[in-house]
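*Asks:* My questions will all concern the structure given below.
The values are calculated or read from the model by the stated rules, or taken from the named source; none is laboratory data. Just so it is clear, the structure is predicted and the values come from calculations on it, not from any experiment. Glycine gets a Cβ as well: all are built from the backbone with ideal geometry, and neighbour counts include every protein chain shown.
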Amino acid sequence: MAARRLLRRRSRPTPTAEARRDRPREPVGEATILVRPEVLRSVVRAAASEDLRETGGPLIGTVQRSWDGAEGRLIVAVLATVPPGPALNGRISSVAMGKGGDGERAASALRWWRDTTGLELAHLGDWHRHLPGAPGPSAGDRLTARRMREASSAGVWLTAVVVSEPERAKSFEVKGNLGRATELWSAAGEVRFYRQILGGRLLPIRIRLEPAAIPRLPALPWHVVDPVRFAAECRLLRAAGYATEVHAATPDGRPGVTFRLRRDGADPFTIVTASRYPREAPAAMGDRGLTPIRGWSPARFLADVVEAKR
Ligand SMILES: [Zn+2]
């Protein structure tokens with residue numbers, strides 16, 4: 001019986017080269033989706049911090065094949081997301097991903113993580129926020145997912161929809177000459193994961209939170225998170241007459257960016273920015289090591305620091 005079934009399967013006409021190319025590259029069967037807990041937390045936190053606007057970001061991770069049975073199985077690990085930047089074009093009912101600044105931010109984050117970790121990371125999908133009452137993917141989401149899946153080389157496309165309602169509790173109290181205001185804020189949200197099957201539908205998929213067996217990616221340095229600020233820093237230094245050499249590392253091995261500055265008629269010098277720059281003051285490199293710049297505020301730029309030194 002088994003042999004006859006095998007023969008019958010073999011006698012099917014062989015697909016043409018074109019049909020073979022159009023065939024789904026992934027097995028339509030099982031895929032195991034592992035998600036790092038921080039990804040869930042970042043998505044819920046980012047969604048809860050936006051009032052009424054839709055917001056979104058990429059899902060970044062790895063795809064591995066496991067040769068279980070005839071069809072095999074994909075092991076998809078969702079390792080990180082890039083929090084939304086100020087450039088994201090959020091509106092009440094749609095969110096424009098990959099447009100303008102945020103698409104570039106996601107691409108440069110992916111590249112930085114690939115270089116830093118050596119992992120074969122891919123853009124696995126996107127998440128975005130829905131307003132409460134509509135937790136499922138919309139017709140537009142299905143269309144986008146199909147388009148993205150066809151363009152993706154990762155072999156898998158995930159869509160995650162987050163619904164969050166930030167809870168705020170406010171209280172006021174007055175006693176004689178004393179006024180007291182308390183605001184409590186908490187972020188809670190639900191994220192639903194779907195998988196786009198090539199040429200098919202967005203199917204709900206089971207996920208597993210995995211805190212130990214898949215790697216946690218390092219925090220992104222500031223110049224990747226905020227490329228607009230980085231470009232402004234370089235432009236202002238150039239306008240001040242400095243030739244700038246940039247290294248995506250610091251002398252003490254912490255994540256950050258080192259600027260080596262040269263200008264005609266001035267001594268070259270080095271400024272080090274840590275990963276929390278510009279919230280954390282930059283430091284000047286001298287004979288005695290790194291000295292934080294005094295009187296720093298995030299409203300200042302590196303060009304202001306070098307101008308003050310002249
Ligand atoms: Zn949607």
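*Asks:* I want to confirm something. Restricting to segment 237-289 and keeping residues that are in contact with an Asp or Glu (Cβ under 7 Å, 6 or more places away or on another chain) and under 27 Å from TRP112 (Cα atoms), which single residue is modelled with the lowest pLDDT?
*Replies:* Filtering segment 237-289 for residues in contact with an Asp or Glu (Cβ under 7 Å, 6 or more places away or on another chain) gives 240, 260, 274.
Now restrict to residues that are under 27 Å from TRP112 (Cα atoms): 260, 274.
Numbers: ARG260: 93, ALA274: 90.
Selected residue: ALA274.
*Asks:* What residue, of GLY155, GLY136, GLY179, is outside any strand (DSSP E or B) and either in contact with a helix residue (DSSP H, G or I) (Cβ under 6 Å, 6 or more places away or on another chain) or over 13 Å from GLY125 (Cβ atoms) (or both)?
*Replies:* Numbers: GLY155 fails: either in contact with a helix residue (DSSP H, G or I) (Cβ under 6 Å, 6 or more places away or on another chain) or over 13 Å from GLY125 (Cβ atoms) (or both); GLY179 fails: outside any strand (DSSP E or B).
Answer to the selection: GLY136.
*Asks:* State whether one or more residues within segment 276-292 are among the basic types (Lys, Arg) and more than 30 Å from VAL78 (Cβ to Cβ).
*Replies:* From segment 276-292, those among the basic types (Lys, Arg) are 276, 279, 288; that's our starting set.
If we keep only those that are more than 30 Å from VAL78 (Cβ to Cβ) as well, we get 288.
Scanning segment 276-292, I find at least one residue that is among the basic types (Lys, Arg) and more than 30 Å from VAL78 (Cβ to Cβ), so the answer is yes.
*Asks:* Please enumerate the residues belonging to segment 84-109 that are surrounded by fewer than 17 Cβ atoms within 10 Å (Cβ to Cβ) and modelled with pLDDT of 65 or more.
*Replies:* Selection gives GLY103, GLU104, ALA107.
*Asks:* Residues of segment 268-288 being farther than 14 Å from VAL306 by Cβ and not in a strand (DSSP E or B), which ones?
*Replies:* Result: SER275, ARG276, TYR277, PRO278, ARG279, GLU280, ALA281, ASP287, ARG288.
*Asks:* Still on this structure, please answer the following. Against the condition more than 17 Å from VAL43 (Cα to Cα) and either buried (at least 18 other Cβ atoms within 10 Å of the Cβ) or of a type in the set (A, V, I, L, M, F, W, C) (or both), how does THR117 come out, does it pass? Let's see the steps before the verdict.
*Replies:* Values: more than 17 Å from VAL43 (Cα to Cα): yes; either buried (at least 18 other Cβ atoms within 10 Å of the Cβ) or of a type in the set (A, V, I, L, M, F, W, C) (or both): no.
Considered against the rule, which asks whether it is more than 17 Å from VAL43 (Cα to Cα) and either buried (at least 18 other Cβ atoms within 10 Å of the Cβ) or of a type in the set (A, V, I, L, M, F, W, C) (or both), THR117 comes out as no.
*Asks:* So which residues in segment 201-250 are part of a loop (DSSP other than H, G, I, E, B), assigned by TED's automatic domain parsing to the domain that holds SER42 and in contact with a Lys or Arg (Cβ under 6 Å, 6 or more places away or on another chain)?
*Replies:* The answer is ILE205, and nothing else.
*Asks:* For segment 148-175, how many residues are within 14 Å of the ligand (Cβ to nearest atom) and either over 28 Å from SER49 (Cβ atoms) or not hydroxyl-bearing (Ser, Thr, Tyr) (or both)?
*Replies:* Step one: filter segment 148-175 for residues within 14 Å of the ligand (Cβ to nearest atom), giving 148, 158-164.
Checking the rest, the ones that are also either over 28 Å from SER49 (Cβ atoms) or not hydroxyl-bearing (Ser, Thr, Tyr) (or both) come to 148, 158, 160-163.
Total satisfying the criteria: 6.
*Asks:* Any chance segment 139-148 includes a residue that's surrounded by 12 or more Cβ atoms within 10 Å (Cβ to Cβ), among the acidic types (Asp, Glu) and assigned to a helix (DSSP H, G or I)?
*Replies:* Within segment 139-148, one or more residues are surrounded by 12 or more Cβ atoms within 10 Å (Cβ to Cβ), among the acidic types (Asp, Glu) and assigned to a helix (DSSP H, G or I).
*Asks:* Can you find a residue that is more than 16 Å from the ligand (Cβ to nearest atom) and in contact with a Lys or Arg (Cβ under 9 Å, 6 or more places away or on another chain) anywhere in segment 120-132?
*Replies:* Taking segment 120-132 as the starting set, the residues that turn out to be more than 16 Å from the ligand (Cβ to nearest atom) are 120-124.
Next, only the ones that are in contact with a Lys or Arg (Cβ under 9 Å, 6 or more places away or on another chain) stay: 120-121.
Scanning segment 120-132, I find at least one residue that is more than 16 Å from the ligand (Cβ to nearest atom) and in contact with a Lys or Arg (Cβ under 9 Å, 6 or more places away or on another chain), so the answer is yes.
*Asks:* Quick one: would you say ASP141 is of a type outside the set (Phe, Trp, Tyr) and within 16 Å of the ligand (Cβ to nearest atom)? Steps first, answer last, please.
*Replies:* Numbers: of a type outside the set (Phe, Trp, Tyr): yes; within 16 Å of the ligand (Cβ to nearest atom): yes.
Considered against the rule, which asks whether it is of a type outside the set (Phe, Trp, Tyr) and within 16 Å of the ligand (Cβ to nearest atom), ASP141 comes out as yes.
*Asks:* Here are ILE197, ILE214, ILE205: which of them is surrounded by 13 or more Cβ atoms within 10 Å (Cβ to Cβ) and modelled with pLDDT of 95 or more?
*Replies:* Values: ILE197 fails: modelled with pLDDT of 95 or more; ILE205 fails: modelled with pLDDT of 95 or more.
Being surrounded by 13 or more Cβ atoms within 10 Å (Cβ to Cβ) and modelled with pLDDT of 95 or more holds for just one of ILE197, ILE214, ILE205, which is ILE214.
*Asks:* Sort out which residues of segment 130-152 are free of Cβ contacts under 8 Å to residues at least 40 places away in the same chain and not polar (S, T, N, Q), and write them in order of number.
*Replies:* PRO132, GLY133, ALA134, ALA139, LEU143, ARG147, ALA151
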